[in-house]
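**Student:** Would you mind keeping the following structure in view while I ask a few things?
The values are calculated or read from the model by the stated rules, or taken from the named source; none is laboratory data. Note that this is a predicted model, so its numbers are computed, not measured. A quick note on method: Cβ atoms are made from the backbone with ideal geometry, for glycine too, and the neighbour counts reach across all protein chains shown. Calculation scope for accessible area: heavy atoms of the full protein, side chains included, ligands and nucleic acids excluded. Shrake-Rupley method; radii C 1.70, N 1.55, O 1.52, S 1.80 Å.
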Amino acid sequence: MTGQSDARFEDLLDRAARLLREASRAYAFTGAGVSTESGIPDFRSPGTGLWPNPELLALATGDAFRRDPVRFYRTFIPQWLKYREAEPNPAHRALAELEAMGKLAGVITQNIDGLHRKAGSRTVWEVHGHLRRLVCSDCRADAPFETATEALEKETLPPRCTCGGVLRPDVVLFGEAMAPDYERAFAVLRQGCDLMLVVGSSLTVYPAAFLVELARDLVIVNRDPTPYDDRAAVVLRGKAGEILPRLVAAVKAA
Ligand code: NAD
Ligand code: ZN
C-alpha cells in the first residue's frame, strides 16, 4: 500500500506522531490529493488528473473568464457542483480531529472544495478561494453560488449582480493574485511554525508552496514524491485517507 515496508512505515509514523505531539505550533498544508478519496480528481495524476487537458487549462485563467464568462461557466459549473456535493473523507476528518485535540493550530489549503470546513476544521485558510459564493467583478458585492447554477438552467448566463456587473466565483484563477487568506496564513506562519504537516500536494504550485518554507520541520504525506521530500523530517508515502487516521491513533497512543 505504501511502498515502504511495514516495520519502516510504523517507525516513520511514530516519528511523525512524536513531532506533532512536541510541536507547539503545528499547521497542515493541503492540496488536491487530500480530496481525491472524496471523488474529486487532482490536477496532475496521470489518467485522472484534469490538467493534461490543455483546453481546460487555457479556460481557467482570469483573462479567459473576462473574455467569455458564458463559456467559462458552462465548462466549470458541472465540475464545481461535484466539488460542492462531495463529502469529507477520513483524511479531512483526521485533520479536524488533530485540531480538536489541540495538536494542529489550523489548516492552510489550496483546495476550493470546502471539505475541511465540512469535516469540522475550524481554523482554515483557503489560499485559492472557495465556492461558497460569487462576487461582483465591478462592485465586489457577493451573491449565492446558486445564482450561477440558476443562470445556467435558465440560459441567462453569465450571472449578474444587482449593479449589472458580471458575478465571478470567489476563486483564484491562473494569472490572478492570491486570495486574502494567503497573506493571513503567511503572517500567522511568520510568527512561528514548528511543524507543517503537508498532505496531498505536489508542492509545485506557487506561490502557495512557498508557505511550507516558513516551517521549521516538514512531515509530508503524499502518494508521489515532491520537490520538498529531501528536506522533510518524515515522508509517509501512500493514501492520505489511510495514513492520517493511523497518525491520529499514534498521537493518541503516546
Ligand atoms: P496536484 O494535483 O498538483 O497534486 C496532488 C498531489 O496529491 C500529487 O502529488 C498526488 O501524488 C497526491 N495525491 C493524490 N491522491 C492522493 C491521496 N489519496 N493520498 C495522498 N496523496 C495523494 O495538487 P496541488 O498541489 O493541490 O495543486 C493543484 C492546484 O489545483 C491547487 O492549486 C488546487 O487549488 C487546485 N485543485 C483543487 C481541487 C480541489 O479543490 N479539490 C482539485 C483539483 C485541483
Ligand atoms: Zn455589483
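**Student:** With a cap of 13 neighbouring Cβ atoms within 10 Å, and only residues DSSP puts in a loop, list the GluC sites (Glu not before Pro) found in segment 146-215.
**Tutor:** When the GluC sites (Glu not before Pro) of segment 146-215 are filtered for loop state and at most 13 Cβ neighbours within 10 Å, Glu155 remain.
**Student:** Provide the per residue accessible area, probe 1.4 Å, for segment 8-127, rounded to a whole number of square angstrom.
**Tutor:** About 46 Å² of surface per residue is accessible.
**Student:** Students often forget the sequence filter, so: which aspartates and glutamates lie under 19 Å Cα-Cα from Lys252 once same-chain residues fewer than 8 apart are removed?
**Tutor:** Glu10, Asp11, Asp14, Glu22, Glu97, Glu99, Glu242
**Student:** Once phi is turned into θ = phi - 60°, what whole-Hz ³J(HN,Hα) does the Karplus curve with 6.51, -1.76 and 1.60 give for every residue of segment 209-225, x standing for Gly and Pro?
**Tutor:** With coefficients 6.51, -1.76 and 1.60, one gets 5, 4, 4, 5, 6, 7, 8, 6, 10, 10, 10, 10, 10, 7, 6, 10, x Hz.
**Student:** In debye to the nearest 20, how big a dipole does the chain give about its Cα centre with +1 on each Lys and Arg Cβ and -1 on each Asp and Glu Cβ?
**Tutor:** 320 debye
**Student:** Can you sort Tyr206, Tyr27 by solvent-accessible area, 1.4 Å probe, largest first?
**Tutor:** Tyr206, Tyr27
**Student:** Rounded to a whole number, what % of the accessible area of the chain do carbon and sulfur atoms account for, probe 1.4 Å?
**Tutor:** Solvent-exposed carbon and sulfur of the chain make up 50 percent of the total.
**Student:** Starting from the Cα of Lys154, draw a straight line to each of the lysines and keep only those under 22 Å, dropping any in the same chain fewer than 8 residues away.
**Tutor:** Leaving aside lysines fewer than 8 places away in the same chain, those within reach of Lys154 are Lys82.
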